Amino acid sequence: MSSISYFISRVLQIIPTFLIVMVIIFLLVRALPGDPAIAMADAKATTEQLEQIRQRLGLNEPIWVQFGYFVKNTLTGNLGDSILLKAPVTEVIFERLPASGFLALYAVLFSLLIAGPLAFVAALNRNKWLDVTIRSVFQIGLSTPVFYIGLLLLTFLAAKMRWFPVGGYGVTFWEHMYHLLLPALTVALYTSAIIMRNLRSSVIEVMDAEYVQFARAKGLPEHVILGRHILRNALISTVTLLGLSIGNLMSGTLVTETVFAVPGVGRLMLDAIFARDYPLIQGLTLTFAVLVSIIFLLTDMVQAMLDPRLRVS
């Protein structure tokens with residue numbers, strides 16, 4: 001199968017996934033306790049005013065009619081107005097999305113810089129004291145809750161040492177780098193532990209493969225064997241894990257953004273849930289689903305480039 005055919009087949013597989021996600025989102029949001037009309041109205045709203053709000057939101061219509069409106073509005077890009085912020089949902093999401101995206105990519109960069117070199121060092125010194133030390137240190141990061149790591153960094157490096165701000169996002173690119181360093185490092189300390197363990201195991205497995213032993217027997221330089229044979233094949237499974245990690249970061253930044261007061265979509269989702277903001281919750285969840293699907297698509301394409309066997313139908 002050619003690269004183009006493989007890409008088209010992967011894109012077509014996203015469509016039913018997205019439709020299923022739409023059904024699940026619609027039903028789960030309706031299952032939340034509380035009345036969005038009450039959350040939208042003020043404390044002195046009358047019964048007639050609440051009924052007008054429900055009518056405007058379409059909450060009095062049968063469930064299948066509401067779902068039809070939901071699908072139609074979603075496909076046309078009309079996600080409604082936020083009950084909480086009194087603004088179009090699309091506008092609110094695009095305003096908050098850059099902060100979460102920057103944080104996710106920042107955390108992934110940190111994770112790769114931490115996990116990549118140490119994974120190779122551990123693999124090349126397997127079962128020696130250096131390997132055991134690296135795995136032990138990363139095990140601590142893996143077993144520590146993300147919010148606890150964030151609180152420690154926030155307390156000592158931001159509140160006490162005053163080296164970093166305690167919250168915010170900044171305006172310029174370098175301000176973004178500065179304000180989001182601690183949140184990105186918090187996420188990276190956990191994510192890098194997972195990537196390191198996977199990459200170390202993959203490198204060891206490839207190093208023991210017959211074609212690597214044959215390459216050494218031919219007298220190829222060690223750096224050629226490491227770059228051409230070991231690294232390329234060891235990255236196949238790690239790319240999958242990295243794609244999953246990025247997808248989880250995009251949809252799971254709620255805790256980190258709340259701890260560090262980052263104005264991203266994760267924190268916005270928490271506010272929307274508490275406010276019973278149906279349109280905003282639906283819009284955010286759909287946004288997460290689209291982003292995760294795109295990330296998984298890109299992951300599949302990178303995997304197919306590393307391992308052409310995946311394109312074989």
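The values are calculated or read from the model by the stated rules, or taken from the named source; none is laboratory data. If you're wondering where the values come from, they're calculated on a predicted model, not measured in any experiment. Keep in mind that these areas ignore ligands, DNA and RNA; they rest on the heavy atoms of the full protein, side chains included. Shrake-Rupley method; radii C 1.70, N 1.55, O 1.52, S 1.80 Å.
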Scaled radius of gyration (Cα, divided by 2.2 N^0.38 Å) that the range 150-204 gives: 1.44
Solvent accessible area, Å² - residue 161, 1.4 Å probe, full protein context: 100
Principal axis dimensions, largest first and in whole angstrom, of the range 55-168 by Cα: 68, 36, 21
With all protein chains modelled, accessible area of residue 197 [1.4 Å, Å²]: 110
Prolate/oblate/rounded call for the range 250-291, Cα gyration tensor, a/c under 1.5 rounded: oblate
Projected-area average for the range 127-176 over all orientations - Cα convex hull basis, square nanometres: 5.3
